[in-house]
Every structure is written in C-alpha cells, then in structure tokens.
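The values are calculated or read from the model by the stated rules, or taken from the named source; none is laboratory data. Not measured: the values here are computed from a predicted model. Here the Cβ positions follow ideal geometry from the backbone for every residue, glycine too, while neighbour counts run over all protein chains shown. SASA here: full protein model, heavy atoms, side chains in, ligands and nucleic acids out. Shrake-Rupley method; radii C 1.70, N 1.55, O 1.52, S 1.80 Å.
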Amino acid sequence: MNQNATLRWKPEFTYIAVIALIVAIALHPEWLSTDLLVNSARWSTFRTMLISIILETLPFLLLGVAVSSLMHVFIPEAWIRRFIPSNPVLGILIASMLGILFPVCECGLIPIVRRLMAKGMPLYAGVVFMLAGPVVNPVVYSATYVAFRSRQEIVYARMGLAVAVAVAIGFIVYFFIKRNPIKNALAHMPTPSTLNVLKVTVRGDKWGEAMRHAGSEFFDMGKYVIVGSILAALLQSLVPRSELLAIGQGEYASHLFMMSFAYFLSLCSTSDAFVASSFLGTFSASSLLTFMVFGPMIDMKGTLMLLSVFRARFVVLIIALIAILVPIGSWLVETLIW
C-alpha cells in the first residue's frame, strides 16, 4: 500500500489550526460581525497582552530547548550519576542543585531520571533531581529575572522554594518509602504519539540529532506556550478586574486557582514566568510563586509520564506532597520574608 495513502489527520494539526484561528481573530477582530464579541477596548488589551507575552517568552523557549537538546545528546548520563554521593543527606542536597550543571527541561528530565535510577541512582536522589531540576537551572533563572525585573525577590524565592520543597520530599521518600515504587516494565515510556515528546537515538551525527531534537521540542512546547498565553490574555482582558482581584487576593483561592492553572496549562519552566508576570498586580505575589514552583514540578504531561515509570500510589503521594508543600512554602515566604 502506498504510504502517502495511509497519512491521517493528526491532533497536532488541529491544535495548530485552532491556535492560528484564535490568534488571527485576536489580531483582526473586525473579521467578526457580532457586536457582543467585538469590543475594541477588550480586544485591544487582549492583543497587546498576547503579543507581549509571546514575544518575551520565545527567546527563552528557544534557548531552553537548545540547551536541553545539547545536554541530552552530548552529556552521558554516567556524568550525572557520578555527582551523587552515597551519603543520603549529601545526595539529596547535591541532587537538588544538579539542574544548575545539567539544565534540562521537565519534559526531557523524567526519561533521564528513569534511566539513571535503572542504572543505580537512589530513588530519593532521582525524585529530588526530577522536582528541582526544571526550576533550578540558569535558563529558567534568566527568564524569571527578565519577567520580574521590578520584583527580584520573587526570582530568588522561586529558586529557594523549589529547592526546599524538593529536599523535603526527598527526605520523606528516603525515610518512609521502603518498597520500590518503580514499575517492573521500565522499558516503555510514553511515545511521541501520546505525549509528543521526541525520543532521541544518538547516532553518528550528534549535532544533527541535537538540532532535530531542539526543533521537535520547540514546536511541542510552543503550542503550550501559545495556548497558555492566550488563556492568560483572555483572563486579563475579558474577566472583570474586580472578579480577578477577588480570586487573586484570596488567601486560599488564589493558590488553588494558580495550581490548577499551572497543572492544566503544562507550560515549560522556561516560559511560565512571563505568563505569571502578566498577573502581577492582580494576583498576590505568593500565588504567583506557587504557580511558578508547582507547574514545573507536576503538570498534566508530567503526571502521564510519571505514571509510566512509577506505581500510581507513589505518583499520587508525590502530587499530594507537592500540592501541600508548595502553597505552604509560598505562604511562609510571604509572611516571614516579604
């Protein structure tokens, strides 16, 4: 049978078509004839916010996927494993800082940690690296610094809280998880057709592999960035500011809203700071901190990938610990430090 005859319409094409339509209508609202939808002031705000978020985000998204792809292709996993000492306390502390030396985004980090644990990395160290790595790396730090120029304390709080939560969960895993939660069938991670994550097989042309990996990851992450930017701009422009303030300044509601927002958006950690900064002044600083720490640690894509590696009870435990510790940590930062 001719291969061309078997080509089918893929979900990715639908996502791209819908996103393109939304962006086109946002840029040209006059295409819509319904007066209810075409409000020049609201659409002008939406268009301005959407363009500003995307333009600020794209350079760091490009840099993030480039660094991640180069690390994935050129850095042997054995190098990472050598950095973990046998002492559990030192192992947890070192694992929480590995992201500085090995800046890999969260989408590529879970498969790497899976392989490292299969080769002997302790479970507690792998979990800590997996949670802290997407936040504690130079690209994410730079993006957050640019996004929050006027509130630099948020930048340092993000890094510190991510390390603190990851270390706390690492010690919990070390002391209380006695049974191995890793599934027996470790060989099968989600395929690109289910998670749109490219699995790279390093062949002779490593630079070519790195370029292909970076291109695939950029387009995969790019659609989430655009969807997240659209939703953030829509919330800011179409929802009355009084209602957003009521949620955003709520002691508990703001954190719950931002955790849900981060979970379902599944933004890359190199990009979420710009979406968060668009809510500065509407949502409390601590809830934005929750958004920027919770999202990189666990989101919808990450949950599916974790379920392919660990037993469901362990994944639920990790999610619950993150959901409890991150908002508590954000509240403590706002109460005791800011």
Across (1) out of contact with any Phe, Trp or Tyr (no Cβ under 7 Å at 6 or more places or on another chain); (2) under 24 Å from residue 180 (Cβ atoms), residue 138 clears everything bar (2)
Note on the stretch 76-92: residues open to solvent by 40 Å² or more (accessible area, probe 1.4 Å) and either at pLDDT below 75 or in contact with a Phe, Trp or Tyr (Cβ under 9 Å, 6 or more places away or on another chain) (or both) are 76, 79, 81, 83, 89
For the stretch 139-166, the count of residues that are touching a helix residue (DSSP H, G or I) at 6+ places or on another chain (Cβ under 7 Å), open to solvent by less than 10 Å² (accessible area, probe 1.4 Å) and within 25 Å of residue 59 (Cβ to Cβ) equals 7
Over the stretch 122-138, the set of residues crowded, with 22+ Cβ neighbours inside 10 Å and either closer than 30 Å to residue 284 by Cα or of a type in the set (A, V, I, L, M, F, W, C) (or both) is 125, 127, 128, 129, 130, 131, 132, 133, 134, 135, 136, 137
Here the residues within the stretch 244-269 that are modelled with pLDDT of 75 or more and farther than 21 Å from residue 298 by Cβ are 245, 246, 247, 248, 249, 250, 251
Quick count over the stretch 277-291, residues being buried (at least 24 other Cβ atoms within 10 Å of the Cβ) and either modelled with pLDDT under 85 or not polar (S, T, N, Q) (or both), is 4
Residue 303 meets each of (1) touching a residue at least 60 places away in the same chain (Cβ under 8 Å); (2) under 15 Å from residue 130 (Cα atoms); (3) among the polar types (S, T, N, Q); (4) open to solvent by 10 Å² or more (accessible area, probe 1.4 Å) with one exception, condition (1)
Picking from 294, 274, 310, the residue that is at pLDDT 80 or above and touching a strand residue (DSSP E or B) at 6+ places or on another chain (Cβ under 7 Å) would be 310
Within the stretch 167-180, the residues that are open to solvent by 10 Å² or more (accessible area, probe 1.4 Å) and either modelled with pLDDT of 95 or more or not aliphatic (A, V, I, L, M) (or both) are 167, 168, 171, 172, 174, 175, 176, 178, 179, 180
When the stretch 315-338 is checked residue by residue, the ones that are closer than 29 Å to residue 304 by Cβ and open to solvent by 40 Å² or more (accessible area, probe 1.4 Å) are 316, 317, 319, 320, 324, 325, 328
